[in-house]
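This report concerns only the one structure given below.
Read-outs throughout are calculated quantities, based only on the coordinates presented, and are distinct from any laboratory measurement. Everything quoted here is computed from the prediction, not taken from an experiment. Using ideal geometry, Cβ is built from the backbone for each residue, glycine included, and neighbour counts are taken over all protein chains shown.
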């Protein structure tokens, strides 16, 4: 092969996406890696476009599917109004105030938010956040901006379209009223909660979902007719999730307790320590304010080492109402089905023994008793 051809091929392989180039132009810090321990403590920069301080989180596991950023609004200040053709879910980390949302040619609506509130301005509506508190307000936003900007590679079109998605939101007066509409999917594996506003995700009702682990509660919420949705997962003191893998783009936010997560590529097998891959297992320590993202096809497993039930918010593409083809293909094997049956879940009895040993040692350091007695298979040397 000609040397010039090889150089061109390398250059193309390293080319940045439109989204990557766009966030660099935004002029705020870009945080990389697998995650951050506390988003409240990362370095922020002046964000002229939004009218606040902020930073992008460009984690390895986002993979051009979702985008994440942090915003910090000064006391009594407001963000610049914006509309765009990508979906966005906002979680309030700190502060209280109001979100103003307006569909074109409709009466403006508003949402009173506080720490723990979660909502999503409907697609291409004009919106902004106003901080009414005497301290800075901090929010996390997860978006589908990478897919949309990469597809159209035209910033003006994405931010200046005049199309109104009235099929999603037509200015209904009760649109952002909290809802208690819940139902089980037809396979009885997933609880779905349809709501366009969660006043405080830390206090929301979460339904039993023990396929992911004994005592695990998990409820998926559908919001603003998005393809970008999320779920809340809770599990007891002294316990941990079963390891599983799926596609990238999921953003995990810790709301309660402390602990750690282990992540490793699935091609290392279900027992990475026994197979000699200890150095390739990534550990992410977490507490409230931690945010991280497992890469595509990486097993990940969450361990509660705190003195209260752990609570995790996951924001991701995976709507039950409006499924994306790429998402359906990525989870076809089944995150609730054992790898022994062709799925992507490791049952407790099939996991690497080192995982349980390390967890029990971590609990012992804190004087917390493990609560895995229901699972005798993993402790059976026979």
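So the values come out like this:
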item: Coordinate range along principal axes, alpha carbons of segment 173-288, Å, largest first; result: 58, 30, 25
item: P(r) weight above 20 Å for segment 17-160, C-alpha pairs, percent; result: 46
item: Bridge type composition, the chain - antiparallel percent by DSSP, nearest 5; result: 90
item: Extended-chain gain in nm, criterion 0.36 nm per residue less alpha-carbon gap, residue 114 and residue 202; result: 30.5 nm
item: For segment 17-160, share of DSSP beta bridges that run antiparallel, in % to the nearest 5; result: 90
item: Principal axis dimensions, largest first and in whole angstrom, of segment 150-202 by Cα; result: 42, 30, 25
item: Gaussian network model of the chain, Cα within-10 Å springs - most flexible of 361, 314, 243; result: 361
item: Per-selection Kirkwood Rh - segment 187-379 (Cα, Å, 1 d.p.); result: 17.0
item: Distance in nm between pseudo-label sites at residue 15 and residue 321 (7 Å out along the Cβ direction from Cα); result: 3.8
item: Ellipticity estimate at 222 nm from DSSP helix runs (n ≥ 4, -39,500 (n - 2.57)) divided over the chain, nearest 500; result: -4000 deg cm²/dmol
item: Gyration tensor (alpha-carbon) shape descriptor, segment 33-82, a/c threshold 1.5; result: oblate
item: Of 105, 43, 226, the one that fluctuates the most in a GNM where the chain has Cα springs shorter than 10 Å; result: 105
item: Span per principal axis, largest first, for the Cα atoms of segment 89-241 (Å); result: 49, 40, 31
item: Length added when fully stretched, residue 106-residue 340, from 0.36 nm per residue minus Cα-Cα; result: 78.9 nm
item: Point-to-point label distance, residue 25-residue 80, nm (Cα→Cβ direction, 7 Å offset); result: 1.3
item: Inter-label distance for residue 369 and residue 98, nm, one decimal - labels placed 7 Å from Cα along Cα-to-Cβ; result: 5.2
item: Convex hull volume per residue in cubic angstrom - Cα atoms of segment 124-188; result: 216
item: Nearest-0.05 FRET efficiency for residue 279 and residue 172, computed from C-beta distance (R0 41 Å); result: 0.15
item: Per-selection Kirkwood Rh - segment 221-316 (Cα, Å, 1 d.p.); result: 14.0
item: Isotropically averaged projected area of the chain, using the convex hull of Cα atoms (one quarter of hull area), nm²; result: 21.8
